[in-house]
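The values are calculated or read from the model by the stated rules, or taken from the named source; none is laboratory data. This one's a predicted model, so the numbers in the text were calculated from it and none came from an experiment. So basically every Cβ, Gly included, is an ideal-geometry build from the backbone, and we count neighbours across all protein chains shown.
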Amino acid sequence: MQTQTSRPQVRKRARPVAAAFVLMLAIAGVALTDSARADELPRVTVKYGDLNLSTAEGAERLLRRIKGGARQVCGDPDGTRDLARWLSIRHCYSQAVARAVEDVQAARLTEAYRASHSMARTN
């Protein structure tokens, strides 16, 4: 089972669905030099061919996988005491999850994301 590759992607079987993870590195403040290429950026593959996205359970499982992939690429905000770094990680994570959910284009996944996102804002 391949869980981490050189680029973050969301995949349903072999279909890539998220260029968002590459973008999130730029959002997080990772500057690309002339020698750095987009294909050298860290990526995480999130597979969901085994999930039924028409069910709430399948959508919630995929959302957890997407969040885990975003955490792998962006970092864990709880692991830093530097406010600027914490904000950068949080922004990267939020953007990556939102874009991956959008890229999958599954109604139940979008519902699960919106529910978890609104709960996070009220807590």
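Key figures for this structure:
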read-out	value
Hits in segment 69-85 (condition: out of contact with any strand residue (DSSP E or B) (no Cβ under 6 Å at 6 or more places or on another chain), surrounded by 14 or more Cβ atoms within 10 Å (Cβ to Cβ) and not in a loop (DSSP other than H, G, I, E, B))	ALA70, ARG71, CYS74, PRO77, ARG85
Every pair of residues 6+ apart whose Cβ atoms lie under 6 Å, when the first sits in segment 92-117 and is over 16 Å from ASN52 (Cα atoms) while the second is of a type outside the set (A, V, I, L, M, F, W, C)	VAL97/LYS67
Residues (β-branched (Val, Ile, Thr), within 9 Å of the chain's Cα centre (by Cα) and not in a strand (DSSP E or B)) located in segment 40-68	ILE66
Test for ALA56: is it aliphatic (A, V, I, L, M) and more than 24 Å from SER118 (Cβ to Cβ)	no
Every residue from segment 92-119 that is surrounded by fewer than 19 Cβ atoms within 10 Å (Cβ to Cβ), assigned to a helix (DSSP H, G or I) and of a type in the set (S, T, N, Q)	SER94, THR110, SER116, SER118
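Okay, residues lined up against (1) acidic (Asp, Glu); (2) at pLDDT 90 or above; (3) surrounded by fewer than 17 Cβ atoms within 10 Å (Cβ to Cβ):
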{"position": "ALA38", "(1), (2), (3)": "no, no, yes"}
{"position": "THR45", "(1), (2), (3)": "no, no, no"}
{"position": "ALA56", "(1), (2), (3)": "no, yes, yes"}
{"position": "ALA59", "(1), (2), (3)": "no, yes, no"}
{"position": "ARG65", "(1), (2), (3)": "no, yes, no"}
{"position": "LEU87", "(1), (2), (3)": "no, yes, yes"}
{"position": "ARG90", "(1), (2), (3)": "no, yes, yes"}
